[in-house]
Amino acid sequence: MTSLAPAEEPHILSNQALRFVAEQSAESVFSVQVCPRSKLEDGNVKAVKALDKLMRRLGKNNQDKGAVDVDAKKPEFSKVTGFSIGKAKDCLTILTVAHVIEEVYYDGRHLTAGSADSSSADILQDINTAFHFDVICVHQERLLKKSDVEDISKLDRFHTPAEVVAIDTRVDLLALKCQIEGIYISEDAEYSCPYHDTSLAVADLPAPTSETVLLQGWPYLLSDFHSWGNISVNERPYNVVDKTNQYGYQMKLIEIPRMKCVSECSGGPVVVGAMAEGRLCYVGVYFKTIKNSGYAVSLRDVKEFLTRFGLLEDAQDAHATDEAGRENNLGDHSKERE
């Protein structure tokens, strides 16, 4: 079978520990794509009404507050990075950023909802009706890169539908779920991806100041992209970083000086070398680059989000499944890389 793992060619300057962190954490990464359903499906009255309900939550003067007309200004697809944090039954849970739909909130008008909270079910329903979410597997992209086509942007991808199960725009976090059996490795939808046995574990404690961390991101046509940096601050108040704070963010930010990444890296995991029950740990979710530094949603905010919406249990339940999957696939991966 064609190898879908990054090439391993050790040399005298190789750092095996850093390579291990980079390669293992990359296995959990997805490209997340979002588009208003009203643009994809002409005549979808339900989508139009759901989007209208979300916009009306902004208030009558939403245009004055910085909200925009989604249909008029939204690009065909908005893209960010996401990563697997656990499994629940036959579904994969993917964590990413909420600002991929930043048109439907602003300072003082936030969306907070989770599938475990029946009182906010209508918000999730409106979001999933108004917007189409899908994900692309990193293993599928690796396979495409091995093709003989010079311009791989012209190749078809198989997009796996996903739905929002939790969102808190105050801390810019959003969680998706998708069917594991629906994650295909090729566009013809004949082969499910066999490599989704790796998810990242949320760290118990913040990384020490000046700790080396890794950002995994997926800019356009650049899967397996990563950037290294060193943490300077673990919990910097958002208003200190961005005094305008147009969207009213309330999270604390991890500051990583000189980590400059394009916008599609938003939502990627900030990974450390620590392990938890056999899985690499992440300490934050990448937000964006501001001036000359990279910023990520803090570990405290991430853990509070996961706990409040019952997603921490999904992540913990994934440990045993991940271990079993790694044992089953270990031989195949080893043979592929030889």
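Rounded to the nearest 20, the Cβ-based charge dipole of segment 112-217 about its Cα centre (Lys and Arg +1, Asp and Glu -1) stands at 180 debye. Highest-first packing order for the peptide set 99-106, 30-37 is 30-37, 99-106, based on the mean count of other beta carbon atoms within 10 Å.
Across segment 195-201, coupling constants 3J(HN,Hα) worked out from phi with the 6.51/-1.76/1.60 Karplus curve, θ = phi - 60°, read 9, 8, 10, 10, 9, 8, 9 Hz, and Gly and Pro carry x. Relative contact order of segment 185-309: what whole-number percent is it, with Cα pairs under 8 angstrom and at least 6 residues apart? Once divided by the residue count of segment 185-309, the mean separation gives 26 percent. Ordering LEU200, LEU173, ILE127 by the projection of their Cα atoms onto the charge dipole of segment 102-208, which places +1 on the Cβ of Lys and Arg and -1 on the Cβ of Asp and Glu, puts LEU200 at the extreme positive end.
Specify whether the C-alpha gyration tensor of segment 203-259 places it in the rounded, prolate or oblate class, a ≥ b ≥ c being the square roots of the eigenvalues: rounded for a/c under 1.5, otherwise prolate if a/b is larger than b/c and oblate if not. Here segment 203-259 falls in the oblate category.
Per-residue accessible area for HIS139 at 1.4 Å probe radius, Å² rounded to 10? Per-residue accessible area (HIS139): approximately 0 Å². Report note on the peptides 233-246, 165-178: ranked by the mean count of other C-beta atoms within 10 Å, highest first, their order is 165-178, 233-246.
Listed peptides 199-206, 125-132 appear in the order 125-132, 199-206 once ranked by packing, highest mean of other Cβ atoms within 10 Å at the front.
The values are calculated or read from the model by the stated rules, or taken from the named source; none is laboratory data. Not measured: the values here are computed from a predicted model. For neighbour counting, all protein chains shown are included, and Cβ atoms are generated from backbone atoms with ideal geometry for every residue, glycine included. Surface accessibility is based on the protein's heavy atoms, side chains included, excluding ligands, DNA and RNA. Shrake-Rupley method; radii C 1.70, N 1.55, O 1.52, S 1.80 Å.
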